[in-house]
1. Top mean-square fluctuation among SER147, SER97, SER43, Gaussian network model of the chain, C-alpha springs under 10 Å?
2. Springs between alpha-carbon pairs under 10 angstrom, Gaussian network model over the chain: which of PHE106, PHE163, PHE62 fluctuates most?
3. Just the number, please: percent antiparallel of the DSSP beta bridges in the chain, rounded to the nearest 5.
4. For SER139 and GLU125, calculate 0.36 nm times their separation in residues minus their Cα-Cα distance, and state this gained length in nm to one decimal.
5. How do GLU53, GLU13 rank when sorted from fewest to most other Cβ atoms within 10 Å of their own Cβ?
6. Listing VAL30, VAL123 from the residue with the fewest other Cβ atoms within 10 Å to the one with the most, what is the order?
7. Just tell me which lysines come within less than 29 Å, Cα to Cα, of LYS80; anything on the same chain fewer than 8 places away is out.
8. Compute the length gained on full extension between LYS9 and LEU73: take 0.36 nm times their separation in residues and subtract their Cα-Cα distance, giving the result in nm to one decimal.
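Bear in mind these aren't lab numbers, they're just calculated from the coordinates by the rules spelled out. In this text, all values refer to a predicted model and were calculated from it rather than measured experimentally. Cβ coordinates were reconstructed from backbone atoms using ideal geometry, including for glycine residues, and neighbour counts include every protein chain displayed.
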Amino acid sequence: MAAINDIYKQAPELAKQGQRTESLDEMTGVQALERKHPGLPMSAGKVEMREFEYIRHGTLSFICNFDVARGELVACTARKTRTEKDFLEHIKNRVDSDPLTMKWNFISDNLNTHMSASLVRYVAEESDIASDLGVKGESGILKSKASRAAFWSDPSHRIVFHFTGNDEQNGEGPGMGVLFPSRNFDGHPF
């Protein structure tokens with residue numbers, strides 16, 4: 001966790017060097033609601049009144065980026081799904097939005113959709129790496145989640161991921177050892 005804190009502290013200096021440092025996360029299952037009737041405006045001695053009835057429009061998943069150096073939300077993608085493809089497209093759109101950025105530092109949790117083979121291929125392409133990446137689950141960089149994480153954290157790449165929560169260090173689920181280091185969850189955190 002100290003390494004993540006260091007990235008946050010370095011963000012303003014990295015920005016001066018043409019690097020972006022962005023923290024990103026997802027919000028899933030957000031209800032898309034519309035008020036059925038307009039609210040009533042404020043009047044003397046009364047607050048604005050909101051209609052309690054609403055119309056449901058399903059749920060959405062958001063992937064949002066927070067620029068650490070500037071202190072502002074800089075990108076948000078809303079989709080009905082949250083897949084490996086959605087995450088990859090979000091990252092591609094973010095990188096394409098600023099071609100003058102020399103290096104991207106993304107701070108993220110290590111959710112499976114964030115650690116895909118397609119993301120490895122994209123980072124390799126953006127970093128001009130032409131070597132064989134291997135086969136997912138079998139060989140090379142793509143062999144395991146740990147080997148992919150090591151690849152993404154290589155500071156020589158144009159796109160670098162810094163993951164919060166490390167399964168290998170704490171021996172538990174993603175991030176759980178960081179939040180509750182003395183507990184053994186056996187797959188059930190609560």
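1. SER43
2. For the chain, modelled as a Gaussian network with Cα springs under 10 Å, the answer is PHE62.
3. Here the share of antiparallel DSSP bridges comes out near 65 percent.
4. Extending this stretch completely gives an extra 3.2 nm.
5. GLU53, GLU13
6. Exposure proxy ranking, most exposed first: VAL30, VAL123.
7. Candidates past the 8-residue exclusion: LYS36, LYS92, LYS136, LYS145.
8. Additional length available on full extension: 21.3 nm.
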